[in-house]
1. Considering the stretch 13-30 alone, what residues qualify as being open to solvent by 90 Å² or more (accessible area, probe 1.4 Å) and in a helix (DSSP H, G or I)?
2. Scanning the stretch 33-47 for residues that are surrounded by 11 or more Cβ atoms within 10 Å (Cβ to Cβ) and basic (Lys, Arg), which turns out nearest to the chain's Cα centre (by Cα)?
3. Can you tell me which residue is nearest to ASP39 (Cα to Cα) among those in the stretch 1-12 that are polar (S, T, N, Q) and open to solvent by less than 90 Å² (accessible area, probe 1.4 Å)?
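The values are calculated or read from the model by the stated rules, or taken from the named source; none is laboratory data. None of the values given here were measured: they were computed from a predicted structure. Positions of Cβ are backbone-derived with ideal geometry, glycine not excepted, and every protein chain shown enters the neighbour counts. Note: areas computed on protein heavy atoms with side chains; ligands, DNA, RNA excluded. Shrake-Rupley method; radii C 1.70, N 1.55, O 1.52, S 1.80 Å.
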Amino acid sequence: MGLLTQRDVSLLGPNFDRMYPIDETPHFAELLKAIDDADRRLLENRDGKTTPPD
């Protein structure tokens, strides 16, 4: 999963067909922050550190 710009999509070409546009909604920024926080905690846990859940 990734966030792509229109330029990115154009560079991938016509064979790239598994794209699902996401409109920016009022809660989109919070969703991205939650994903970033979860990724950060996962990496910290892999490094032997522990981070309590939010």
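1. The answer is GLU30, and nothing else.
2. The extreme case among them is ARG40.
3. Residue satisfying both the conditions and the ranking: THR5.
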